[in-house]
Amino acid sequence: AFVVKLEQDDSDHLMLSVRDNGKGIDTAIEPDKTGTLGLRLVHMLARELEAESRFYNDKGCVFEMRFKL
């Protein structure tokens, strides 16, 4: 199952989070250097939006991206 949230976290920033309940992700990988297209695209989007982003595990994989409106 996937959960996608987009919330305004202060007056001029949005927080996008995507969560699943899968096996998780290797947090040691570098998304822009991995061979998987999905992670590379997510990293490229974060860079384009000048966003702060992170991956971590919490009963599955969680991706968060914080960016200006």
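Which one, D26, D58, D12, has the greatest fluctuation when you compute a Gaussian network model over the chain with C-alpha springs under 10 angstrom? Result: D12 has the largest fluctuation of those listed. Helix 37-48 and the long axis of the chain differ in direction by around 20°, with both axes built from C-alpha atoms. For G24, the residues whose modelled amide H falls within less than 5 Å of its own, excluding neighbours fewer than 5 places apart on the same chain, are C61.
Distance between the 7 Å Cα→Cβ label points at D10 and K59: 2.9 nm.
Only one residue of F67, L39, A51 has its Cα farthest out toward the positive end of the dipole of the chain, where Lys and Arg carry +1 and Asp and Glu -1 on Cβ, and that residue is L39.
Length gained on full extension, E50 to A28: 5.7 nm, using 0.36 nm per residue less the C-alpha separation. The charge dipole of the chain, taken about the Cα centre with unit charges on the Cβ atoms of Lys, Arg (+1) and Asp, Glu (-1), comes to about 300 debye, rounded to the nearest 20. Over all Cα atoms in the chain, the spread is summed up by Rg and Dmax: 12.2, 37 Å.
Read-outs: derived from the displayed coordinates by stated rules, not from any lab. These figures come from a predicted structure and were not determined experimentally. Neighbour counts run over all protein chains shown; Cβ positions are idealised from the backbone, glycine included.
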